[in-house]
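The values are calculated or read from the model by the stated rules, or taken from the named source; none is laboratory data. Source: prediction; values computed, not measured. Please note: Cβ atoms are built from the backbone with ideal geometry, for glycine as well, and neighbour counts cover all protein chains shown.
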């Protein structure tokens, strides 16, 4: 399995991006809409076209960062939202990022990395967060592919990855998923342990 920069960039170039909703995912939009502090530092890993970043930016959040290995995906976001700060579009492997944030929004990145990296993802998100920082977003709640992304899973699988580093504030079936994902997503909210 070759989940390299070239692999992902080729997917965006050829528009082979079946995971891309073309809009902000409704459960994440609902969460964003209740955020009152617009100065918090937010990371969207593996953000791709990142409609969440666009929505946050256009609603006054000025410290939104997107990290992705695909320069094409980041270019598409910048073209769509010219006012999005260039310096907040980071072409880099998520696992090499060295910054800190208040909030990490998870939308299809976790299911795109090889499942063997899931424990590393949990530790890396912990390391990237300020004290009491949170990871919020969606995880698939169905078995998907074993040979290529997206990779699925279940709450029972996910909890042991996050338990050592986070308080599990919520991890339950999303109630407002788009039609094609109804019953297949977990909305989760976890907070960095101190």
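Pairing residues of the range 130-147 that are at positive phi with residues that are part of a loop (DSSP other than H, G, I, E, B) and exposed (fewer than 13 other Cβ atoms within 10 Å of the Cβ), at Cβ distances under 9 Å and at least 6 apart in sequence or on separate chains, gives 132/194. Is it the case that the range 1-8 has a residue that's in contact (Cβ under 8 Å) with a residue 24 or more places away in the chain, surrounded by 12 or more Cβ atoms within 10 Å (Cβ to Cβ), under 14 Å from the mean Cα position of the chain (by Cα) and under 18 Å from residue 113 (Cα atoms)? Within the range 1-8, not a single residue is in contact (Cβ under 8 Å) with a residue 24 or more places away in the chain, surrounded by 12 or more Cβ atoms within 10 Å (Cβ to Cβ), under 14 Å from the mean Cα position of the chain (by Cα) and under 18 Å from residue 113 (Cα atoms).
Condition check ((1) crowded, with 17+ Cβ neighbours inside 10 Å; (2) in contact with a strand residue (DSSP E or B) (Cβ under 8 Å, 6 or more places away or on another chain)) across all residues:
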site: 94; (1), (2): yes, yes
site: 114; (1), (2): no, no
site: 124; (1), (2): yes, no
site: 178; (1), (2): no, no
site: 188; (1), (2): yes, yes
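If you go through the range 126-148 and keep only what is part of a loop (DSSP other than H, G, I, E, B) and either modelled with pLDDT of 95 or more or touching a strand residue (DSSP E or B) at 6+ places or on another chain (Cβ under 6 Å) (or both), you end up with just 141. Taking the listed residues 84, 109, the one that is buried (at least 19 other Cβ atoms within 10 Å of the Cβ), in contact with a helix residue (DSSP H, G or I) (Cβ under 9 Å, 6 or more places away or on another chain), at pLDDT 95 or above and part of a loop (DSSP other than H, G, I, E, B) is 84, with no other qualifying.
Of everything in the range 126-148, what is over 27 Å from residue 41 (Cβ atoms) and surrounded by fewer than 20 Cβ atoms within 10 Å (Cβ to Cβ)? Give them in sequence order. 142, 143, 144, 145, 146, 147, 148 - these are the residues of the range 126-148 that are over 27 Å from residue 41 (Cβ atoms) and surrounded by fewer than 20 Cβ atoms within 10 Å (Cβ to Cβ). Taking the listed residues 89, 77, the one that is in contact (Cβ under 8 Å) with a residue 12 or more places away in the chain, touching a helix residue (DSSP H, G or I) at 6+ places or on another chain (Cβ under 7 Å) and under 21 Å from residue 128 (Cα atoms) is 89, with no other qualifying. Considering only residues in the range 49-67 that are touching a strand residue (DSSP E or B) at 6+ places or on another chain (Cβ under 6 Å) and not in a strand (DSSP E or B), the one that is nearest to residue 84 (Cα to Cα) turns out to be 57.
You will find that of 173, 155, the residue that is surrounded by fewer than 14 Cβ atoms within 10 Å (Cβ to Cβ), at pLDDT 95 or above and touching a strand residue (DSSP E or B) at 6+ places or on another chain (Cβ under 8 Å) is 173 and no other.
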